[in-house]
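Beneath this line is the structure, given in structure tokens, with notes to follow.
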Amino acid sequence: MTTPILAVENLQISVRKKPGLLILRGVSFTVHAGETLAIVGESGCGKSMTSLAIMGLLPDAVERTAGSVRFKGRELPITDNRAMRKVRAVEIGMVFQEPMAALDPLYPVGKQVLEVIEEHEQLPREMAWKRVIDLLTKVDLPNPEALAWSYPHKLSGGQLQRVVIAMALACNPDVLIADEPTTALDVTVQAQIMRLLKRLQRDTGVAIVLITHNLGLVAHTADRVMVMYAGNKAEEAPTRDLFLSPRHPYSRGLLDATPNPERAAAGGGVLREIPGTVPSIADPMPGCRFAPRCPNASDLCRARVPEPTFEGAHGYACFHPVARETLT
Amino acid sequence: MKPIRRRFPWAFLGKRLVYGALAMLAIAIINFFLLKLAPGDAAEALAGQAGTADPEYIAQLRAQFGLDQPLLSQLWAFLTRLATLDLGYSHVFNERVSTLILSRLPATLMLMGAAILIAVIGGIVFGVTAARYANRWPDRAISFVALLLYGTPPYWIGLMMILIFAVWLGWTPTSGMENVLAFHTGWDRVVDIAHHLILPALAQSIFYLAIYIRLVRAGMLEVLSLDFIRVARAKGISERRLAYRHALRNAVLPLVTVVGTNIGNFLGGAVLTETVFSWPGVGRLMFDAMFQRDLNLLLSILVLSSLFVIVANLIVDLLYAIINPTVELK
Ligand SMILES: Nc1ncnc2c1ncn2[C@@H]1O[C@H](COP(=O)(O)OP(=O)(O)O)[C@@H](O)[C@H]1O
Ligand SMILES: [Mg+2]
């Protein structure tokens with residue numbers, strides 16, 4: 001097997017000076033060149049913290065307490081803000097959730113794309129600017145020469161997210177992390193942005209880490225899915241496997257709570273919420289953190305943390321997995 | 001690579017000029033009546049100086065100055081003179097009012113300009129430093145000193161500065177604008193004036209310096225916590241560039257507004273500073289005019305000051321729109 005382009009190993013993140021308050025409890029996953037990995041889970045599960053940690057952008061209030069992030073086999077200096085500057089945008093680009101707040105209101109959007117190129121590459125001004133226009137064209141913005149001189153407040157949320165995507169891809173990174181890139185947008189615009197990301201991936205071969213709490217978004221865009229719950233990896237599987245036969249009760253719960261036309265056609269289309277909420281990071285729990293909400297939970301679950309079990313590419317951390325099934 | 005030019009806001013400018021003219025008219029009328037309410041007039045003051053209280057002499061002076069006319073026709077005469085830009089003659093100083101004010105204006109503008117510059121530049125430099133080292137020792141030191149300066153009366157600071165720097169240390173002159181007897185010319189004169197300027201300008205700026213430091217610090221911290229800063233960081237931009245190019249420009253916007261509203265205060269503070277430091281500006285002239293009951297001169301200074309503040313505010317608003325592309329001047 002080839003070296004993954006991005007490998008997160010046993011990443012643990014705690015509240016600073018309170019090592020008992022774990023936000024990420026040892027998460028590992030890999031991303032291979034050109035693939036799309038989706039990370040899903042309810043909000044508060046640690047998805048954003050994972051992506052910020054990879055970029056070396058963790059907030060001051062938290063810190064990495066264990067684990068590592070490797071890019072092309074080399075460990076990233078994620079706690080060294082200065083050293084990470086050469087990684088950001090060049091090797092790993094990032095797109096955030098709120099396009100409306102993502103750009104400096106005082107500079108034209110084109111200048112803000114230009115800023116990335118000028119920061120990382122020695123290019124003559126005109127060539128860099130040509131690349132800006134090129135990028136804006138590639139993300140399907142109308143009339144890019146004029147639009148480059150518009151200020152952010154003149155653009156719609158969808159247009160701004162396209163600018164942010166252009167910015168993230170300006171230096172041809174190998175990985176693009178998109179943290180809820182469509183959550184703040186209208187449903188019709190969401191679909192356009194997802195199509196755009198897939199097309200850019202086909203054109204450039206960039207690997208995408210798509211973070212979302214919306215499983216419906218994942219079915220047609222991701223190659224593999226990782227399900228996170230309360231700072232742990234609950235399950236990881238090729239997308240088709242996960243949708244057809246989820247093994248972790250939490251994944252099953254998420255699927256049951258997601259509208260799905262195929263399931264509806266097969267007669268199993270009743271939407272069911274998972275009862276309860278994600279436990280607080282301050283909640284001391286000796287066992288599986290999903291146990292209080294889990295229909296399969298036993299005394300064993302409440303006493304011990306389940307280790308991940310793998311069946312080929314399909315892994316899950318559960319003592320009482322959902323039985324393998326074909327579509328019900 | 002050509003930016004799109006924004007159109008000059010002529011309509012905004014026209015509207016503001018009309019408002020400004022109306023405001024000045026109101027200021028002239030209100031001040032006219034306020035000053036008439038004060039006891040005494042120039043005739044009495046002059047007669048007092050001449051050492052007489054002879055009612056006939058005073059009445060003669062009154063007739064000569066037009067002070068015996070009914071109040072409303074005095075007001076009308078004053079307003080028509082203003083409208084024709086003729087401020088009249090000061091019998092107290094034996095000089096045309098416009099000449100008198102113009103000869104004092106440069107000194108005041110210089111003092112004000114220096115004070116505003118010190119407050120703004122110092123506010124930005126120390127405010128940004130405090131924000132970049134938030135809650136570490138440089139921030140604590142700057143914030144503590146700013147609080148201290150904020151809480152101290154400006155005239156007391158002025159007197160203390162004279163005492164320390166001029167009297168004890170002998171670094172600067174105690175008063176005046178230049179060493180007239182030295183007959184400096186050219187560059188030497190500039191240096192001499194700067195030497196005289198530093199204490200009064202500092203004394204006048206310190207209160208505002210303290211406010212601006214706090215304003216810039218708070219603004220920087222707020223902007224640095226915004227989403228677009230994290231996005232910019234994710235682009236690999238250096239912290240320095242982040243602070244100065246992105247955070248500062250956003251954080252300076254409220255400062256521009258506050259400086260605009262403070263311009264009137266700077267002018268008002270000039271009276272006090274000029275008196276403490278014997279600075280030969282309009283503030284001192286105003287002070288003297290008050291004592292001599294030269295109400296026409298006093299009124300002229302007040303109206304011109306309001307004109308100055310109105311124009312300065314207009315310029316600040318235009319400047320604000322230049323820095324902040326999201327505002328549209330209407
Ligand atoms: N600055 C912070 N200090 C302490 N805890 C934080 C901070 N920011 C987020 N958290 C905690 O980290 C956990 C994970 O948050 P996050 O990664 O944003 O979740 P997600 O992106 O999956 O919705 C949450 O429980 C949240 O309370
Ligand atoms: Mg999140």
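The values are calculated or read from the model by the stated rules, or taken from the named source; none is laboratory data. Just so it is clear, the structure is predicted and the values come from calculations on it, not from any experiment. Don't worry about glycine lacking a Cβ; one is built from the backbone with ideal geometry, like all the others, and counts go over all protein chains shown. When the accessible area is computed, the model is the full protein with side chains, heavy atoms only, and any ligands, DNA or RNA have been set aside. Shrake-Rupley method; radii C 1.70, N 1.55, O 1.52, S 1.80 Å.
Just one residue in the set B:VAL216, B:VAL252, B:VAL231, B:VAL271 is free of Cβ contacts under 8 Å to residues at least 24 places away in the same chain and more than 19 Å from the chain's Cα centre (by Cα); that residue is B:VAL231.
Is there a residue being in contact with a helix residue (DSSP H, G or I) (Cβ under 9 Å, 6 or more places away or on another chain), at negative phi and more than 15 Å from ligand 1 (Cβ to nearest atom) anywhere in the range A:40-61? No.
For the range B:229-282, filtering for residues that are part of a loop (DSSP other than H, G, I, E, B), facing chain A (nearest Cβ under 10 Å) and surrounded by fewer than 19 Cβ atoms within 10 Å (Cβ to Cβ) leaves 1.
Listed by first and then second residue, the pairs with beta-carbon distance under 6 Å, at least 6 apart or on different chains, first residue in the range A:197-217 and closer than 23 Å to A:SER251 by Cβ and open to solvent by 10 Å² or more (accessible area, probe 1.4 Å), second within 16 Å of ligand 1 (Cβ to nearest atom) and among the small types (Gly, Ala, Ser), are A:HIS213/A:SER43. Among the residues of the range A:243-254, is any open to solvent by 20 Å² or more (accessible area, probe 1.4 Å), at pLDDT 95 or above and not basic (Lys, Arg)? The answer is no; no qualifying residue exists.
Residues in the range A:69-118 that are among the acidic types (Asp, Glu), more than 8 Å from chain B (Cβ to nearest Cβ) and open to solvent by 60 Å² or more (accessible area, probe 1.4 Å): A:GLU75, A:ASP80, A:GLU118.
When the range A:145-170 is filtered for residues that are farther than 14 Å from A:LEU135 by Cα and in a helix (DSSP H, G or I), the ones remaining, listed by number, are A:PRO152, A:HIS153, A:LYS154, A:GLY157, A:GLY158. Examine the range A:28-44 for a residue that is more than 30 Å from A:THR277 (Cβ to Cβ), open to solvent by less than 30 Å² (accessible area, probe 1.4 Å) and not in a loop (DSSP other than H, G, I, E, B), and state whether such a residue exists. There is no residue in the range A:28-44 that is more than 30 Å from A:THR277 (Cβ to Cβ), open to solvent by less than 30 Å² (accessible area, probe 1.4 Å) and not in a loop (DSSP other than H, G, I, E, B). Against the conditions (1) away from ligand 1 (no atom under 11 Å from the Cβ); (2) surrounded by fewer than 18 Cβ atoms within 10 Å (Cβ to Cβ); (3) more than 9 Å from every other protein chain (Cβ to nearest Cβ), A:LEU21 satisfies every one except (1). Here A:VAL278 qualifies as part of a loop (DSSP other than H, G, I, E, B) and either surrounded by 18 or more Cβ atoms within 10 Å (Cβ to Cβ) or within 16 Å of ligand 2 (Cβ to nearest atom) (or both). Of the residues that make up the range B:207-219, is at least one surrounded by 21 or more Cβ atoms within 10 Å (Cβ to Cβ), modelled with pLDDT of 90 or more and within 14 Å of chain A (Cβ to nearest Cβ)? Yes, there is a match, as at least one residue in the range B:207-219 is surrounded by 21 or more Cβ atoms within 10 Å (Cβ to Cβ), modelled with pLDDT of 90 or more and within 14 Å of chain A (Cβ to nearest Cβ).
Put simply, of B:ARG136, B:ARG132, B:ARG140 the only residue that is out of contact with any strand residue (DSSP E or B) (no Cβ under 9 Å at 6 or more places or on another chain) and buried (at least 20 other Cβ atoms within 10 Å of the Cβ) is B:ARG132. Cβ-Cβ contacts under 7 Å between residues 6 or more apart (or on different chains), taken from a first residue in the range A:150-161 that is within 11 Å of chain B (Cβ to nearest Cβ) to a second residue that is open to solvent by less than 10 Å² (accessible area, probe 1.4 Å) and among the β-branched types (Val, Ile, Thr), are listed as A:SER150/A:VAL109; A:PRO152/A:VAL109. Being more than 9 Å from chain B (Cβ to nearest Cβ), within 19 Å of A:THR221 (Cα to Cα) and open to solvent by less than 10 Å² (accessible area, probe 1.4 Å) is the requirement here; does A:VAL175 meet it? In short, yes.
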